[in-house]
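*Asks:* One structure is given below, represented as structure tokens, and several questions about it will come after.
The values are calculated or read from the model by the stated rules, or taken from the named source; none is laboratory data. Note that the structure is a prediction, hence the values are computed from the model and not measured. Here the Cβ positions follow ideal geometry from the backbone for every residue, glycine too, while neighbour counts run over all protein chains shown. For accessibility, only protein heavy atoms count, side chains too; no ligands or nucleic acids. Shrake-Rupley method; radii C 1.70, N 1.55, O 1.52, S 1.80 Å.
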Amino acid sequence: MNLLDYLPVVPDFPKPGIMFRDISPLLANAAAFKEATHQLAQISQDLEFTHLLGIESRGFIFGAALANELSKPLILARKPNKLPLDVHQESYGLEYGTDLLEMQKTILPTDAKVLLIDDVLATGGTLLASAKLVEKSGATVAGAITLLEISFLAGMQKLANQGVVAKSVLQI
Ligand SMILES: O=P(O)(O)OC[C@H]1O[C@H](OP(=O)(O)OP(=O)(O)O)[C@H](O)[C@@H]1O
Ligand SMILES: Nc1ncnc2[nH]cnc12
């Protein structure tokens, strides 16, 4: 099964010039979703981590599936004003805009080794902001994994420059 067949390109979404990869067909096919989860588990194998951090919203889907598959705890990085209690905040730029992510200040133990998970790595802005949230809470970033890397945007290098090891199941 070629998982890329289940991630079709939608040109000019959400803005002109963006070649958007839609995960909806992959999620709508049980075998493809299962295979994607399995392959995310495979690439996480040589990284040592205690917790997963899923990034709103598409990172929640794969983060929850993987957390269940690996029996690991799942932490949420959320868009603004969604989480109760005190939060750390990071603003960031992504391929088609800017946004803000938040994580609860006391949800991670300081000895946690956290694997970040998202569906797509494009510019790397989202994963870098998530890494900063983990560091703000005193925990360690174990790495980052995604289903798809859009390589021409060089997000992998941007993360490497900041000491974050990233791996992706698929590259285009
Ligand atoms: O590498 P980057 O340039 O930062 O882009 C990648 C991010 O963009 C998308 O999220 P989006 O903000 O569109 O939110 P969504 O998951 O709620 O659709 C995607 O799910 C990644 O989180
Ligand atoms: N081209 C793209 N397709 C899907 N998700 C994205 N997130 C950032 N860039 C994206």
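*Asks:* Name the residue from Val164, Gln39, Asn2 whose Cα lies farthest towards the positive end of the charge dipole of the chain, charges +1 on Cβ of Lys and Arg and -1 on Cβ of Asp and Glu.
*Replies:* Comparing the listed Cα positions along the dipole, Val164 ranks first.
*Asks:* Using only protein heavy atoms and a 1.4 Å probe, report how much of Ile61 is accessible, in Å² to the nearest 10.
*Replies:* 60 Å²
*Asks:* If you don't mind, another one. With a 1.4 Å probe and every protein chain kept in, tell me what percent of the accessible surface of the range 1-138 is carbon plus sulfur.
*Replies:* Ligands and nucleic acids excluded, carbon and sulfur give 51 percent.
*Asks:* For the range 77-172, state which chymotrypsin sites (Phe, Trp or Tyr not before Pro) are in a DSSP loop and have at most 16 other beta carbons lying within 10 Å of their beta carbon.
*Replies:* Hits after loop and neighbour filter: Tyr96.
*Asks:* For a label point 7 angstrom out from the Cα of Asp99 toward its Cβ, which stretches of the range 38-65 have the backbone nitrogen within less than 18 Å?
*Replies:* 53-65
*Asks:* Using helices alone, I'd like the mean residue ellipticity at 222 nm for the chain: each DSSP H run of four-plus residues gives -39500 (n - 2.57), total over residue count, nearest 500.
*Replies:* The per-residue figure over the chain is -9000 deg cm²/dmol.
*Asks:* Taking the Cα-to-Cβ direction at Lys82 and at Ala28 and moving 7 Å from each Cα, how far apart do the two end points lie in nm?
*Replies:* Reported label-point gap for Lys82 and Ala28 is 2.3 nm.
*Asks:* Same structure again: I'd like to know which of Ala122, Ala154, Gly138 lies farthest towards the positive end of the charge dipole of the range 109-162, counting +1 on Cβ of Lys and Arg and -1 on Cβ of Asp and Glu.
*Replies:* Gly138
*Asks:* May I ask you to give the solvent-accessible area per residue for the chain, in square angstrom, as obtained with a 1.4 angstrom probe?
*Replies:* On a per-residue basis, 48 Å².
*Asks:* Sort Asp22, Asp119 from largest to smallest accessible area, using a 1.4 Å probe on the heavy atoms of the protein chains.
*Replies:* Asp22, Asp119
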